[in-house]
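Down below is the structure, laid out as structure tokens.
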Amino acid sequence: MEARGIRNNNPLNIRKGCNWRGERGVQLDREFEEFESMEYGIRAAIKLICNHINGQTGRHKPCTNLVQLIETWAPPTENNTGAYIKAVEEMTGINRYQRIYANNREMVSRIVTAMAKVETGELLDASLVRSAWDLL
């Protein structure tokens, strides 16, 4: 069976709560956003990750490294956060305590791609990630 994040074109499993550009008109999933295309789901993930890094979510302080970002994104009450951090660290080559920057497109792309792999088991195609950036 296809992973929920793939079915919903929402590879980082963004929960409902915002009106995102590119949302499907009919939302069948009660918990997670559904997007018209994978590019729109990745676009939303990029925006949300950058907002977390910059502390612009209104609920959290800035997430300046992978540990803070992933503990916020995938809290230990719901996930094996330690394994998630380790996997993203290994896939991106970014040390878990290294400063991350929202204005570094290549860094954010690696983070989003790795997080999508953890969330869905699927590796995002680099061209989809590039297309998503172009939608910002």
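Quick note: the coordinates plus some simple rules give every number you see, no bench work behind them. Since we're looking at a predicted model, the values are computed, not measured. Methodologically, a virtual Cβ is constructed for each residue, glycine included, from the backbone with ideal geometry; neighbour enumeration extends over all protein chains shown.
Starting from the range 1-70, pick out the GluC sites (Glu not before Pro) whose DSSP state is loop and whose Cβ has at most 14 other Cβ atoms within 10 Å.
Passing both the DSSP loop test and the Cβ count: E2, E31, E36.
In the chain, once you exclude exposed chymotrypsin sites (Phe, Trp or Tyr not before Pro) (DSSP loop, at most 14 other Cβ within 10 angstrom), what's the longest stretch remaining?
Formally, the longest exposed-site-free interval is 1-96.
I'd like the Karplus ³J(HN,Hα) series for the range 71-87: coefficients 6.51, -1.76, 1.60, θ = phi - 60°, whole numbers in Hz, and an x wherever there's a Gly or Pro.
5, 6, 5, 10, x, x, 5, 10, 9, 8, 4, x, 5, 4, 4, 4, 4
Setting aside same-chain residues fewer than 8 positions from K117, which lysines have a Cα under 21 Å from its Cα?
K16, K47, K86
Cα centroids of the range 30-50 and the range 104-127: how far apart, whole angstrom?
13
Taking amide hydrogens as modeled 1.01 Å from N in the peptide plane, which residues meet the under 5 Å criterion relative to F32, leaving out close sequence neighbours?
Amide H neighbours of F32, under 5 Å, 5+ apart: K16.
Please compute P(r) over all alpha-carbon pairs of the range 38-134, binned at 5 Å starting from zero, and give each bin as a whole-number percent.
Bin by bin from 0 Å, the calculated values are 3, 14, 26, 27, 21, 8, 1.
Starting at the first residue of the range 124-135, write each ³J(HN,Hα) from the Karplus equation 6.51 cos²θ - 1.76 cosθ + 1.60 with θ = phi - 60°, in whole Hz, x for Gly and Pro.
6, 6, 4, 5, 5, 5, 4, 4, 5, 4, 5, 7
For the range 13-21, just list the computed ³J(HN,Hα) in residue order, Karplus coefficients 6.51, -1.76 and 1.60, θ = phi - 60°, integers in Hz, with x standing in for Gly and Pro.
Ordered by residue, 3J(HN,Hα) equals 6, 6, 6, 4, x, 10, 9, 8, 5 Hz.
For M1, what charge total do you get from the other residues with a beta carbon under 14 Å from its beta carbon, if Lys and Arg give +1 and Asp and Glu give -1?
After counting each charged neighbour, the total is 0.
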